[in-house]
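K.L.:
One structure is given below, represented as structure tokens, and several questions about it will come after.
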């Protein structure tokens, strides 16, 4: 039968006149029940498809299209900082980096096979000149990718030729950043290349509102930069765990009373309060440890970037050169996101 049977046995056993209520059961077609069940199953399947899988979340994390504002800021800040590192050394390039002077190369220090020959004086000066010129063109975004490739090769080579005064922590971080930027589209916005592209489109008759629309690319380079600096910070925190002098404030106190990089009038004030330095040391260690877990979104990212800004200001005013905080902050700039109404959050 195509319908549910109606139970009327109660009416046969007793009548309404005998004071017994007869229960009436409505008839429901089986076809209606099948439709309802199919609708429920369809909704469940749709809800399952609406939940993205782990692989799709990883794919969106690395390859979601976005405007390249963050890495453009990184490009400009890191190139501007390295210009102030390389320009003073250009005058002493022959003594620092060539066989005419007394270079201490990376392979000589570790007694390994010489990866590259020591250049002559003229070649060392030419390399420094090329590095400075490509830093300028990379900063303004003219022939951005080619400039970054040439700048990365020359800058890393120059650093390996002088590990005493040129190679240090922030130059190693800067070299990795330049290498990652070579694979990015950091010249797509805020650059001469973008201005030339927009001018060409306008000459071809493209409306200005369409010509000015920024190009969007995969977020893979921005994510790699974020993972790189997160790995640097977790490595720094692991290193500090092996130094007892860091936890009792002696290491920070020694740094406060030195004026090796810049005059340090504020450092002597902090050196008189070792307990305060110990507290700052623990805050810095906690920040470096938690950065890789909290820097991606929401209140965690805001708090991590805020603490980093405070630490950068502290380092700049207590004896550290501004170059190292600047190089360490430039990888954090890709976390900045576009809030332009025409563009979705990237």
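The values are calculated or read from the model by the stated rules, or taken from the named source; none is laboratory data. Worth saying up front: this structure is predicted, and the values here are computed from it rather than measured. Please note: Cβ atoms are built from the backbone with ideal geometry, for glycine as well, and neighbour counts cover all protein chains shown.
K.L.:
Please determine, by comparing only the residues of region 251-280 that are touching a helix residue (DSSP H, G or I) at 6+ places or on another chain (Cβ under 6 Å) and over 22 Å from residue 233 (Cα atoms), which one is modelled with the highest pLDDT.
P.N.:
274
K.L.:
While we're looking at this one, here's another question. Given (1) free of Cβ contacts under 8 Å to residues at least 60 places away in the same chain; (2) more than 22 Å from residue 60 (Cβ to Cβ), identify the lone condition not met by residue 167.
P.N.:
It is condition (1) that residue 167 fails.
K.L.:
Turning to a different aspect of this structure: Within region 281-304, how many residues are touching a residue at least 12 places away in the same chain (Cβ under 8 Å), touching a helix residue (DSSP H, G or I) at 6+ places or on another chain (Cβ under 7 Å) and part of a helix (DSSP H, G or I)?
P.N.:
So the count comes out to 10.
K.L.:
Determine whether residue 249 is assigned by TED's automatic domain parsing to the domain that holds residue 292 and on the phi > 0 side of the Ramachandran plot.
P.N.:
yes
K.L.:
Something else now. Given the condition more than 25 Å from residue 312 (Cα to Cα), in contact (Cβ under 8 Å) with a residue 12 or more places away in the chain and surrounded by 21 or more Cβ atoms within 10 Å (Cβ to Cβ), answer yes or no: does some residue in region 228-240 qualify?
P.N.:
Looking through region 228-240, none of the residues is more than 25 Å from residue 312 (Cα to Cα), in contact (Cβ under 8 Å) with a residue 12 or more places away in the chain and surrounded by 21 or more Cβ atoms within 10 Å (Cβ to Cβ).
K.L.:
Follow-up. Regarding residue 226, is this residue closer than 18 Å to residue 77 by Cβ, in contact with a strand residue (DSSP E or B) (Cβ under 6 Å, 6 or more places away or on another chain) and either at pLDDT below 90 or not assigned by TED's automatic domain parsing to the domain that holds residue 285 (or both)?
P.N.:
No: the conditions fail for residue 226.
K.L.:
When you go through 244, 214 one by one, which is the residue that is surrounded by fewer than 14 Cβ atoms within 10 Å (Cβ to Cβ) and either in the same structural domain as residue 332 (by TED's automatic domain parsing) or touching a strand residue (DSSP E or B) at 6+ places or on another chain (Cβ under 6 Å) (or both)?
P.N.:
After ruling out the rest, the residue left standing is 244.
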